[in-house]
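The values are calculated or read from the model by the stated rules, or taken from the named source; none is laboratory data. Because the structure is predicted, anything quoted here is derived from the model rather than measured. Note: ideal-geometry Cβ built from the backbone for every residue, glycine included; neighbour counts use all protein chains shown.
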Amino acid sequence: MSKLTLAELERHLWGAADNILINWHLIFAPKKVLEYVVAHEFAHLRHRSHEPEFWNFLTSLAPGYAAAKAWLDRHQSDLSAEFLECDRD
Ligand SMILES: [Zn+2]
């Protein structure tokens, strides 16, 4: 059985797929972003690289992932405790 683990990872690395590791800094992100990262890493259990089949599979898991991905791309360097005091969009 697979397990989900929250871990301290490099700040630009939001997850890793071997056992589905999720960067704990994502607790500061909207729930949809955390769901996107979990779906992204889950999709890597089937497709190791970001080949077209990977994105097709991810779309089937999380159809609205593009907005969450864009949010994470925009805010990835901000995710810290201080971020809670900033206005979020
Ligand atoms: Zn990936």
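Assorted remarks:
- The residue that is farthest from His40 (Cα to Cα), counting only those in region 68-87 that are modelled with pLDDT of 90 or more and loosely packed, with under 14 Cβ neighbours inside 10 Å, is Arg74.
- Selection from region 13-68 of residues that are more than 14 Å from the ligand (Cβ to nearest atom) and touching an Asp or Glu at 6+ places or on another chain (Cβ under 8 Å): Trp24
- Matching residues in region 11-47 - criterion: being of a type in the set (D, E, K, R), without any contact (Cβ under 8 Å) to a residue 12 or more places away in the chain and farther than 18 Å from Gly64 by Cα: Asp18, Arg46
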